[in-house]
Amino acid sequence: MMNLPRDLYDPEHLAFGEAYAAFLKEHIAPHHAEWERNGMVERSAWRKAGERGFLAMDVPTEYGGQGLTDFRYNAILSETQARDFLPGPMFGLGTDVVIPYITRYGTDEQKQRWLPKLVSGEWISCIGMSEPETGSDLASITTRADDKGGHYAVHGRKMWISNGHISDLIVLVVKTDPTKRHKGITLLVVERDQSHYRTVRLLDKIGYLARDVKGNS
Ligand SMILES: Cc1cc2nc3c(=O)[nH]c(=O)nc-3n(C[C@H](O)[C@H](O)[C@H](O)COP(=O)(O)OP(=O)(O)OC[C@H]3O[C@@H](n4cnc5c(N)ncnc54)[C@H](O)[C@@H]3O)c2cc1C
């Protein structure tokens with residue numbers, strides 16, 4: 001990742017980045033080699049990051065967040081983690097990609113139910129788009145969700161899902177109308193404990209060895 005120009009940030013962003021660098025040095029760096037050997041970051045890393053305010057900073061305070069909607073706070077965390085080359089814990093995947101779906105589109109009940117746990121790091125999230133046969137042509141996914149009145153029956157397999165093994169909450173990309181391409185797509189939020197979601201195996205990779213990227217489920 002290319003470092004962003006220094007004049008992008010105000011002193012409070014730089015201080016946030018320095019605090020994160022200190023956190024990485026104390027709590028992440030000493031374990032990173034072991035996590036690479038295991039192919040997996042320990043869950044406790046999310047808790048520690050959450051306790052220190054490094055997860056989902058933009059979540060409103062009524063749902064446990066800090067209400068920091070200035071994306072430069074997110075950017076400096078990514079930049080710092082890349083600079084220190086500690087790529088294992090994918091905190092940014094939840095903060096920048098998955099959790100904003102809930103913050104922006106969730107009902108108040110859904111936000112109350114999920115956001116505090118995601119901000120604190122008690123829960124980990126992921127997004128399931130790709131499938132064994134479908135990557136960038138997302139409109140071709142075949143995972144199907146049938147509305148059973150009160151619940152959905154989901155059939156399909158996902159692949160290459162970062163944090164897929166360790167996640168408690170999955171934003172799952174499915175077809176609710178298989179006759180359509182992108183217009184038949186819906187995002188379902190799946191709680192692992194409330195579903196039959198299962199992961200099959202961790203995938204071997206040539207880099208980012210501590211990142212948990214799962215195979216089919
Ligand atoms: C480490 C890792 C983590 C990942 N994490 C996630 C995750 O968390 N969630 C998730 O859903 N997915 C994840 N993915 C999957 C990722 O989203 C897909 O790999 C990506 O969408 C590309 O799809 P593909 O690999 O099937 O390649 P393809 O779509 O088969 O593309 C192959 C090649 O063809 C090119 N190509 C494709 N379409 C066109 C076109 N129309 N015109 C010209 N060239 C084209 C591409 O640029 C590429 O070079 C992850 C992948 C990796 C490697």
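The values are calculated or read from the model by the stated rules, or taken from the named source; none is laboratory data. Nothing here was measured: the structure is a model prediction, and the numbers come from that model. Neighbour counts are summed over all protein chains in view; Cβ atoms, including those assigned to glycine, are modelled from backbone coordinates with ideal geometry. With ligands, DNA and RNA removed, areas are computed over all heavy atoms of the protein, side chains included. Shrake-Rupley method; radii C 1.70, N 1.55, O 1.52, S 1.80 Å.
For the condition in contact (Cβ under 8 Å) with a residue 40 or more places away in the chain and in contact with a Pro (Cβ under 6 Å, 6 or more places away or on another chain), what is the one hit in 129, 159? Spell out the reasoning first.
On the way: 129 fails: in contact with a Pro (Cβ under 6 Å, 6 or more places away or on another chain).
Just a single option satisfies the conditions, and that option is 159.
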- Query: Given the residues 179, 199, which is the only one that is under 17 Å from the mean Cα position of the chain (by Cα), more than 11 Å from residue 126 (Cα to Cα), more than 11 Å from the ligand (Cβ to nearest atom) and free of Cβ contacts under 8 Å to residues at least 40 places away in the same chain?
  - Reply: 199
- Task: Select from the range 169-198 the residues that are open to solvent by 40 Å² or more (accessible area, probe 1.4 Å) and among the basic types (Lys, Arg) and list them in ascending order.
- Result: 180, 181, 183, 192, 198
- Item | Subset of the range 73-101 [of a type in the set (D, E, K, R) and open to solvent by 30 Å² or more (accessible area, probe 1.4 Å)] | 83, 84, 96
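Based on this model, can you work out whether residue 50 counts as touching a strand residue (DSSP E or B) at 6+ places or on another chain (Cβ under 7 Å) and buried (at least 18 other Cβ atoms within 10 Å of the Cβ)?
Details: touching a strand residue (DSSP E or B) at 6+ places or on another chain (Cβ under 7 Å): no; buried (at least 18 other Cβ atoms within 10 Å of the Cβ): yes.
In short, no.
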- Message: Any residue at all in the range 12-21 that's open to solvent by less than 60 Å² (accessible area, probe 1.4 Å), closer than 30 Å to residue 201 by Cα and assigned by TED's automatic domain parsing to the domain that holds residue 69?
- Response: no
- Message: Of everything in the range 38-74, what is touching a residue at least 40 places away in the same chain (Cβ under 8 Å), within 18 Å of residue 114 (Cβ to Cβ) and within 17 Å of the chain's Cα centre (by Cα)? Give them in sequence order.
- Response: 43, 46, 47, 49, 50, 55, 56, 58, 59, 65
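Of all residues in the range 121-158, how many are of a type in the set (A, V, I, L, M, F, W, C), out of contact with any strand residue (DSSP E or B) (no Cβ under 6 Å at 6 or more places or on another chain) and near the ligand (Cβ under 10 Å from one of its atoms)?
Filtering the range 121-158 for residues of a type in the set (A, V, I, L, M, F, W, C) gives 123-124, 126-127, 129, 138-139, 141, 145, 153-154.
Pick out the ones that are also out of contact with any strand residue (DSSP E or B) (no Cβ under 6 Å at 6 or more places or on another chain) and you get 124, 138-139.
Subset that is near the ligand (Cβ under 10 Å from one of its atoms): 138.
Total meeting the criteria: 1.
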- Which condition does residue 8 not pass, out of (1) modelled with pLDDT under 95; (2) surrounded by 17 or more Cβ atoms within 10 Å (Cβ to Cβ); (3) not acidic (Asp, Glu), if it passes all the others? (2)
- Item | Of all residues in the range 159-172 being more than 7 Å from the ligand (Cβ to nearest atom), at pLDDT below 95 and hydrophobic (A, V, I, L, M, F, W, C), the one that is farthest from residue 89 (Cα to Cα) | 159
